[in-house]
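Sending over a structure as structure tokens; questions will come in a sec.
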Amino acid sequence: MLRWAPALTLLLFLGPVAAGLIGTWLPAFGYLPALGGERFSLEPWRRLFSEPGLGGALRLTLTTGFAATALSLAIVLAFLATCHGTRPVIAVRRLLAPLLAVPHVAVAIGFAFLAAPSGWLARAVSPWLTGWDRPPDLATAPDPFGVALVCGLVLKEVPFLLLMTLAALGQVPADRTLAVARSLGYAPATAWIKTVLPLVWPQIRLPVYAVLAFSLSVVDMALVLAPGSPPPLAPLVLRWFNDPDLSRQFVAAAGASLQFVLVGSAILAWFAGERLAASLGRRWIDAGGRGAGGRAMRRGATAAMALVFATGLAGITGMAIWSFARRWRWPDLLPSEWTLHTWARQLDALAWPGWTTVSVALTASAIAIALVLACLEHEQRHGITPGSRALWLLYAPLLAPQIGFLFGVQVLLVRAGLDGSWPALVWGHLLFVLPYVFLALADPWRRLDERYARTALCLGASPAGVFWRVKLPMLLRPVLFATAVGFAVSVGEYLPTVFAGGGRFATLTTEAVSLAAGGDRRVIGVYALLQALLPWLGFMLAIGVPAWFYRRRRDMREFAA
Amino acid sequence: MSGDGALRLKAVTLALDGRVLIDGLDLAVAPGEVVTVMGPSGCGKSSLLAWLCGSVAAAFTVGGRALLDGTDITALPSEARRIGILFQDDLLFPHLSVAGNLAFGIPRNVPRRERRARVAAALAEAELPGFGDRDPATLSGGQRARIALMRTLLAEPKALLLDEPFSRLDARLRDRMRHFVFDHAGERGLPVLLVTHDPDDAAAAAGPVIEIAPRDDAPEFAESD
């Protein structure tokens, strides 16, 4: 059975991506018999390019996508270059998990609460500084230029890139390299950029592409933070998909295909930029400049990083406070009256989406961890060393824009008579849960000293016995941690829920998005906070259970994720 | 020659990426005897042990046969070979107690009460009575090494392989541990194959010594870390 694990896994999550792309491209060229499209034509594209909002949407997509990616990467690299091995890095590492765990939508809503005209930021400086005795009539979140969207994206992407870069740093001789460079007279940050970054870059290249692809095609955060007329391309395409006029589906499919081309071209362009930077960088390295002390740079980078974390956490705190607020007058910093009323009133409404969220997330992450464990165990028993191509396959669902293939997946599900069913929903989530679970578990699993397994085999344990009695218990913490990652990813999923669920299933995420459009802040706070709390609970269990279980096994702490 | 308890290697050839490291090694280790294989890093001696216990890396091509107590074990899976191995590190399972580690080695079909008795006896032999419930992390290096040996012996191996097992111990402990290992293996009449680059190990083993010559084209790399 183990033999089929890699093939089954690939089939489960690459099959739908490929089939979904085909199922999107065909209608983009006019072919969708179910809606009367029986002949190939360029009509959908012609209609797409005559859409009035398209130009603005493309401009907004490209500016926000590249700005968010470049800004996030710059903050992370500047921080690590200037602070390598110092206390701020340790502090940030500790704060990483809570911020990573929060779903995108919750971060977006939290940021909107901060930056809105009546949000905490405006309250903090009013009226003594601004003279506003009422919330000003300004468009801040969302704003017409997508600044709020860029901020929201940065809040989510900085922790992700930081996590990936820290993991990559652990796999290269960073400390020794840095020590050598510094002994040759290079200033710390210069030494880091000239000697450590080239070592680390190949390992963070794919995560950076994933961030770029995500920023260019994000839907849920854009629905909360981006302007509406026109919105970026992906939400615009979603709007067309949801149009009651079914002939719009063809335009939507063409738009989704354009989104795919856009992301592909953007990654190619980024790659070209990388090559250029590398050749310029080599010349810069050859020139031998040692760099100056760079204390100002260090302060700036630390401040930027602190700002990202403080903003993210403040947003969530703000949501929590709103959900318990009864009276919160402008420009008070805190409510004047508190209440549990909002929560009590929402309990009934929460039950069904809450149950869907939890049951789908638990099932998807359980299936994912089982498949990932089977793949990793298969790989080790047969002594396979996966190449970099396997990693590209794994990243495929993260690089391809969701809206670019989910429509095709939905068409497939309709064909199979599965659309809008609970298994379809789980499957839709699995597409994105699986790669993250694999990424979270592969390194700790492969790092386990293989001599433990050899010792156990020589003691007479069967390969299955070694798996259940040695590897799994020793790696309990990373296994549970990876499961919690999968759970968190599933809880935050928006588009897969909309498409695979056929509109029949509401989760906390879809509810939060639809409430965010207008709605009562207190109610939005309830949904967004609960959405953030679920992944936290998952991570607390994933860390707490092994810690308790192995409380009397000191060396098990080394096997922490 | 069947059933004499000896470990025999017949015309063993070991190559990595087409480079021959060991060429046509013939060797017999009698019960109770310790044969020492010496050679520099990268000469293939650790890989030879890995091959003997059935876990050599796929990158190696190995020819020849291994016989234990008259049985050809070349094609058997690790867990069926009845060969015990000790590494530089004790590799006690960190998630199990000391007693749990010892019990891991005892064959499955031994009933519970008997298992407990064997664990207790092994603890006594390791001069660590009453240590069963302890976390292995709280033991000293020498204590851990003794538990590792007892764990290996509880699996009732028919031969013992030692992959530089004393090199991580400090000088004072090293000599005690050598005697502890060789005495226990000798009492049980096990053929022992020791791989080392410490001449003192070979001297303490007091058995035949085989030198594997370094190959001119052999790369300089540490094979066991």
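Residues of region B:120-136 being closer than 14 Å to B:LEU153 by Cβ and within 14 Å of another protein chain (Cβ to nearest Cβ), which ones?
B:ALA122, the sole residue that qualifies.
Criterion first (away from chain A (no Cβ under 14 Å), touching a Pro at 6+ places or on another chain (Cβ under 9 Å), buried (at least 19 other Cβ atoms within 10 Å of the Cβ) and at pLDDT below 95) does B:GLY44 satisfy it?
Criteria not met by B:GLY44.
What are the residues in region A:1-23 that are among the aromatic types (Phe, Trp, Tyr) and either crowded, with 17+ Cβ neighbours inside 10 Å or in a loop (DSSP other than H, G, I, E, B) (or both), if any?
Across region A:1-23, the qualifying residue is only A:PHE13.
Residue by residue through region B:70-91, note down the ones that are more than 11 Å from the chain's Cα centre (by Cα), closer than 30 Å to A:MET556 by Cβ and of a type in the set (S, T, N, Q).
B:SER78
Among the residues of region A:30-48, count how many are assigned to a loop (DSSP other than H, G, I, E, B) and among the hydrophobic types (A, V, I, L, M, F, W, C).
2
So is A:ALA266 assigned to a helix (DSSP H, G or I) and under 27 Å from A:LEU439 (Cβ atoms) or not?
Judged against the criteria, A:ALA266 is a match.
Out of all the residues in region B:26-34, is one or more within 14 Å of chain A (Cβ to nearest Cβ) and either more than 13 Å from the chain's Cα centre (by Cα) or of a type in the set (Phe, Trp, Tyr) (or both)?
No, region B:26-34 has no match at all.
Of all residues in region A:446-472, count the ones that are surrounded by 16 or more Cβ atoms within 10 Å (Cβ to Cβ) and either more than 18 Å from A:LEU2 (Cα to Cα) or within 7 Å of another protein chain (Cβ to nearest Cβ) (or both).
First, pick out the residues of region A:446-472 that are surrounded by 16 or more Cβ atoms within 10 Å (Cβ to Cβ): A:448, A:451-463, A:465-467, A:469-471.
Now drop any that are not either more than 18 Å from A:LEU2 (Cα to Cα) or within 7 Å of another protein chain (Cβ to nearest Cβ) (or both), which leaves A:448, A:451-452, A:454-462, A:470.
Going through region A:446-472 one residue at a time, the tally reaches 13.
So, in region B:97-110, exactly how many residues are assigned to a loop (DSSP other than H, G, I, E, B), surrounded by fewer than 20 Cβ atoms within 10 Å (Cβ to Cβ) and more than 7 Å from chain A (Cβ to nearest Cβ)?
4
Okay, next question. Counting only residues that are surrounded by fewer than 17 Cβ atoms within 10 Å (Cβ to Cβ) and without any contact (Cβ under 8 Å) to a residue 24 or more places away in the chain, give me the helices (runs of 4 or more DSSP H) lying completely in region A:164-242 with at least 1 of them.
Values: elements: A:174-183, A:188-191, A:197-217, A:220-225, A:233-241.
Hits in region A:164-242: A:174-183, A:197-217.
Quick grid of which residues meet (1) part of a loop (DSSP other than H, G, I, E, B); (2) closer than 24 Å to A:GLN346 by Cβ; (3) not basic (Lys, Arg):
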site: A:ALA488; (1), (2), (3): no, yes, yes
site: A:PHE505; (1), (2), (3): yes, yes, yes
site: A:LEU515; (1), (2), (3): no, yes, yes
site: A:GLY525; (1), (2), (3): no, yes, yes
site: A:LEU530; (1), (2), (3): no, yes, yes
site: A:VAL545; (1), (2), (3): no, no, yes
site: A:ARG552; (1), (2), (3): yes, no, no
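On to the next question. So B:GLN88 passes all but one of these: (1) part of a loop (DSSP other than H, G, I, E, B); (2) farther than 30 Å from B:VAL20 by Cβ. Which condition number does it fail?
Just one mismatch for B:GLN88, condition (2).
Does A:VAL491 satisfy the criteria of being under 30 Å from A:PRO207 (Cβ atoms) and either of a type in the set (A, V, I, L, M, F, W, C) or more than 18 Å from the chain's Cα centre (by Cα) (or both)?
Taking the combined requirement at face value, the residue satisfies it.
One residue is enough: does region A:90-108 have a residue meeting the conditions out of contact with any helix residue (DSSP H, G or I) (no Cβ under 6 Å at 6 or more places or on another chain), under 23 Å from A:THR510 (Cβ atoms) and modelled with pLDDT of 90 or more?
no
Here's something else I'd like to know. Pull up region A:473-497, narrow it to residues that are within 12 Å of chain B (Cβ to nearest Cβ) and in contact (Cβ under 8 Å) with a residue 12 or more places away in the chain, then point me to the one that is surrounded by the fewest Cβ atoms within 10 Å (Cβ to Cβ).
Here the residue is A:LEU476.
Looking at (1) away from chain A (no Cβ under 14 Å); (2) touching a Phe, Trp or Tyr at 6+ places or on another chain (Cβ under 9 Å); (3) surrounded by fewer than 19 Cβ atoms within 10 Å (Cβ to Cβ), which one does B:GLU114 not meet, given that it meets all the others?
Of the numbered conditions (1) away from chain A (no Cβ under 14 Å); (2) touching a Phe, Trp or Tyr at 6+ places or on another chain (Cβ under 9 Å); (3) surrounded by fewer than 19 Cβ atoms within 10 Å (Cβ to Cβ), the odd one out for B:GLU114 is (2).
A quick yes/no check of all residues on (1) within 14 Å of chain B (Cβ to nearest Cβ); (2) over 19 Å from A:LEU223 (Cα atoms); (3) more than 21 Å from the chain's Cα centre (by Cα); (4) at pLDDT below 90:
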site: A:LEU529; (1), (2), (3), (4): no, no, no, no
site: A:ALA532; (1), (2), (3), (4): no, no, no, no
site: A:ALA542; (1), (2), (3), (4): no, yes, no, no
site: A:VAL545; (1), (2), (3), (4): yes, yes, yes, no
site: A:ARG552; (1), (2), (3), (4): yes, yes, yes, yes
site: A:ARG557; (1), (2), (3), (4): yes, yes, yes, yes
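Something else about it: Could you run through region A:126-137 and say how many residues are among the hydrophobic types (A, V, I, L, M, F, W, C) and surrounded by 12 or more Cβ atoms within 10 Å (Cβ to Cβ)?
Here the count works out to 1.
Right, next: Picking from B:PHE182, B:PHE166, which residue would you name as being more than 14 Å from chain A (Cβ to nearest Cβ), assigned to a loop (DSSP other than H, G, I, E, B) and closer than 24 Å to B:SER47 by Cα?
Within the list B:PHE182, B:PHE166, the selection yields B:PHE166.
Of (1) surrounded by 15 or more Cβ atoms within 10 Å (Cβ to Cβ); (2) within 19 Å of B:LEU161 (Cα to Cα); (3) touching a residue at least 12 places away in the same chain (Cβ under 8 Å); (4) not basic (Lys, Arg), B:ALA120 satisfies all except one. Which?
All conditions are met except number (2).
Out of B:LEU92, B:LEU139, report the one residue that is within 13 Å of chain A (Cβ to nearest Cβ) and either out of contact with any helix residue (DSSP H, G or I) (no Cβ under 6 Å at 6 or more places or on another chain) or free of Cβ contacts under 8 Å to residues at least 40 places away in the same chain (or both).
Selected residue: B:LEU139, the only one of B:LEU92, B:LEU139 that is within 13 Å of chain A (Cβ to nearest Cβ) and either out of contact with any helix residue (DSSP H, G or I) (no Cβ under 6 Å at 6 or more places or on another chain) or free of Cβ contacts under 8 Å to residues at least 40 places away in the same chain (or both).
Next question, about the same structure. Among (1) within 14 Å of chain B (Cβ to nearest Cβ); (2) acidic (Asp, Glu); (3) buried (at least 19 other Cβ atoms within 10 Å of the Cβ), where does A:ASP419 come up short?
Condition (1) is where A:ASP419 drops out.
Still on this structure: Among the numbered criteria (1) out of contact with any Ser or Thr (no Cβ under 8 Å at 6 or more places or on another chain); (2) of a type outside the set (S, T, N, Q); (3) surrounded by fewer than 18 Cβ atoms within 10 Å (Cβ to Cβ); (4) not in a loop (DSSP other than H, G, I, E, B), which one does B:LEU49 miss?
Of (1) out of contact with any Ser or Thr (no Cβ under 8 Å at 6 or more places or on another chain); (2) of a type outside the set (S, T, N, Q); (3) surrounded by fewer than 18 Cβ atoms within 10 Å (Cβ to Cβ); (4) not in a loop (DSSP other than H, G, I, E, B), only one is false for B:LEU49: (3).
From the list A:GLY85, A:GLY152, which residue is surrounded by 19 or more Cβ atoms within 10 Å (Cβ to Cβ) and either touching a helix residue (DSSP H, G or I) at 6+ places or on another chain (Cβ under 8 Å) or in contact (Cβ under 8 Å) with a residue 24 or more places away in the chain (or both)?
A:GLY152 is the lone residue from the list that is surrounded by 19 or more Cβ atoms within 10 Å (Cβ to Cβ) and either touching a helix residue (DSSP H, G or I) at 6+ places or on another chain (Cβ under 8 Å) or in contact (Cβ under 8 Å) with a residue 24 or more places away in the chain (or both).
Out of the residues in region A:31-48 meeting the condition of being in contact (Cβ under 8 Å) with a residue 60 or more places away in the chain and under 20 Å from A:GLN410 (Cβ atoms), tell me which one is nearest to the chain's Cα centre (by Cα).
Looking at the filtered set, the residue picked out is A:LEU48.
For region A:318-348, which positions are in a helix (DSSP H, G or I), without any contact (Cβ under 8 Å) to a residue 24 or more places away in the chain and not charged (D, E, K, R)?
Across region A:318-348, the qualifying residues are A:HIS341, A:ALA344, A:LEU347.
The values are calculated or read from the model by the stated rules, or taken from the named source; none is laboratory data. On a predicted model such as this, the values are computed, not experimentally measured, just so you know. Methodologically, a virtual Cβ is constructed for each residue, glycine included, from the backbone with ideal geometry; neighbour enumeration extends over all protein chains shown.
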